[in-house]
Amino acid sequence: MYICEIVDKIVKLNKKMHLFGNVTKKSHVKERECLMDSNIIGAIIGAVGTITAALIALIPKNSDNDKKKKAIVSSIRNSKNIKFPIEESTLLLKNTLITLEDSPTIDTQVKRKKIKWRYIWHILIAVNFIITLVFVARAVIDKKGPPNHDSETTTLIADVLDDDISDDDIPDENIAAHLKHDFNEEEKAVTITGFLGDYTVKNLIIPNVFGEYPITTIGKSAFADYSGKKKIQTVTLPENLKNIGFDAFRYCKSLMGVTFSEGLETIGNNAFQDCEQLKELELPEGLISIGSEAFRGCINLEKVKMPNTVMLLGERVYYNCNKLKTINLSDGLIGIKQYTFYNCGSLESITIPSKVESIDRYAFNGCKNLTEVTINSGVKAIGEYAFNDCEKLREIWLPATLHEISPTALYGAKNIATIYVEKDSYAEKWCIEQKLSGKIKYYSSEQ
């Protein structure tokens, strides 16, 4: 790791000062090889340390007791005061040595020292052996690496952020094959599940295929920025994409634009929630379903272009998108669920398509700048507080197909001036019951 870090530092220094020419690309292309080489070096060092410790532990050493014995023998042999025969001196030497060996104090000290050094060498052997195993395992893993794919079809084009990015961030050149993925054997398709490692890019272009297989799904939380470290600003999605999963780009607070491709069918729940820099969305033809809270908290979103293929719009899809001014609802839409446009304070007008069966509770609650609402024939019900606190609402069209309107549907719409209804319709009766007869203006859907 230290070797790779040194290489990375040299690469970044060269980027600024051009000391060694254009070495950036080569250095990072060989990053994995560098990591593997450092692991092999670590394994060799650990193995050498293990063998050295074992050899030292096996070398016989003279104990302190042996040294004392030799000192006594030498002292006795060199003593000038010995006046007894050789036999007696030998016996005396023998008895002296026996007495020395029987001494509990000396014996205990010698044994303790032996035990102490024995354990120290055993520990050193064990530690070096573990280090060896760790580096060998890492070398094996790094040697396997990610699967190899055609670089032309797996390239993830990415521009690196400015110099304020830390050393742990992405290298300087475009990235190849740094996408995590799952392969669906049955469908012969690939799901992208995120980046390999802690990478971050400004402009993300996801390839159309991975190897020879099409990328059809962006998986759950694939590029979600829970940590706040990713700085994705634009995303271009692949042509074969059909599904964007739950939380796929959630909390990408720097995301300013998304390029969708035709063929996309579903956008999952919370997929782009809290992407605070998004300003405009042009959703693709063929899109069928937008999940709950998909664009919730996109506080700078101003305009949405929705294709007529969209049928399902989940709860709270545009919740708290308080700068949303313009949106066209799909002609194929079959319902507007609760809180869909809650607190969209900049929305000025809305037309409800004829295939919508109901407008659920709180659907347009808090749309304080909403001035005109046109509800086309076909809508059957309006839920409680559907247009609550729409303070600037001046006119609303209620079709003859309505057979249920909550008493609180227009609660807080205190400045409403005109309610268009058909004669003898349920809407007319409701207006009379709510003491709004003075605001009624008749129209005929046949005209």
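The values are calculated or read from the model by the stated rules, or taken from the named source; none is laboratory data. In this text the structure is predicted, and so the values were computed from the model without any measurement. Cβ: placed from backbone, ideal geometry, glycine included. Neighbour counts: every protein chain shown.
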Task: Residue, surrounded by the fewest Cβ atoms within 10 Å (Cβ to Cβ), within the range 316-330, restricted to residues that are among the charged types (D, E, K, R) and touching a Lys or Arg at 6+ places or on another chain (Cβ under 7 Å) - done: 325
TODO: Name every residue in the range 416-428 that is buried (at least 17 other Cβ atoms within 10 Å of the Cβ) and part of a loop (DSSP other than H, G, I, E, B), in order of residue number.
DONE: 416, 422, 425
Open item on the list: From the list 347, 313, 264, exactly one residue is among the aliphatic types (A, V, I, L, M) and either surrounded by fewer than 22 Cβ atoms within 10 Å (Cβ to Cβ) or under 24 Å from residue 210 (Cα atoms) (or both). Which is it?
Closed with: 264
Task: Filter result for the condition that a residue is over 53 Å from the mean Cα position of the chain (by Cα) and hydrophobic (A, V, I, L, M, F, W, C), over 396, 405, 440, 419 - done: 440
TODO: Within the range 384-415, track down each residue that is part of a loop (DSSP other than H, G, I, E, B) and either more than 24 Å from residue 335 (Cβ to Cβ) or of a type in the set (Asp, Glu) (or both).
DONE: 384, 389, 391, 392, 394, 414, 415
TODO: Give the residue that is modelled with the lowest pLDDT, with candidates limited to residues of the range 429-447 that are hydroxyl-bearing (Ser, Thr, Tyr) and part of a loop (DSSP other than H, G, I, E, B).
DONE: 445
Task: Subset of the range 369-395 [free of Cβ contacts under 8 Å to residues at least 40 places away in the same chain and among the polar types (S, T, N, Q)] - done: 369, 371, 374, 376, 388
Task: Single condition residue 191 does not satisfy, out of (1) surrounded by 20 or more Cβ atoms within 10 Å (Cβ to Cβ); (2) modelled with pLDDT of 85 or more; (3) within 23 Å of residue 279 (Cα to Cα); (4) polar (S, T, N, Q) - done: (3)
- [ ] Of the conditions (1) touching a residue at least 12 places away in the same chain (Cβ under 8 Å); (2) surrounded by fewer than 16 Cβ atoms within 10 Å (Cβ to Cβ); (3) not polar (S, T, N, Q), residue 366 clears all except one; give me its number.
- [x] (2)
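Here's the yes/no breakdown for (1) buried (at least 21 other Cβ atoms within 10 Å of the Cβ); (2) more than 19 Å from the chain's Cα centre (by Cα); (3) closer than 20 Å to residue 304 by Cα; (4) modelled with pLDDT under 85:
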site	(1), (2), (3), (4)
184	no, yes, no, no
220	no, no, no, no
228	no, no, no, yes
232	yes, no, no, no
243	no, no, yes, no
TODO: Find the residue count for the range 194-208, including only residues that are over 21 Å from residue 253 (Cβ atoms) and crowded, with 19+ Cβ neighbours inside 10 Å.
DONE: 1
- [ ] Looking only at the range 305-331, count how many residues are out of contact with any strand residue (DSSP E or B) (no Cβ under 9 Å at 6 or more places or on another chain) and within 18 Å of residue 360 (Cβ to Cβ).
- [x] 4
- [ ] Restricting attention to the range 342-398, report how many residues are among the hydroxyl-bearing types (Ser, Thr, Tyr) and over 21 Å from residue 304 (Cα atoms).
- [x] 3
- [ ] Just one of (1) in contact (Cβ under 8 Å) with a residue 24 or more places away in the chain; (2) touching an Asp or Glu at 6+ places or on another chain (Cβ under 9 Å) trips up residue 344, so point out which.
- [x] (2)
TODO: Can you give me the number of residues within the range 269-284 that are buried (at least 24 other Cβ atoms within 10 Å of the Cβ) and either of a type in the set (Phe, Trp, Tyr) or closer than 19 Å to residue 330 by Cβ (or both)?
DONE: 2
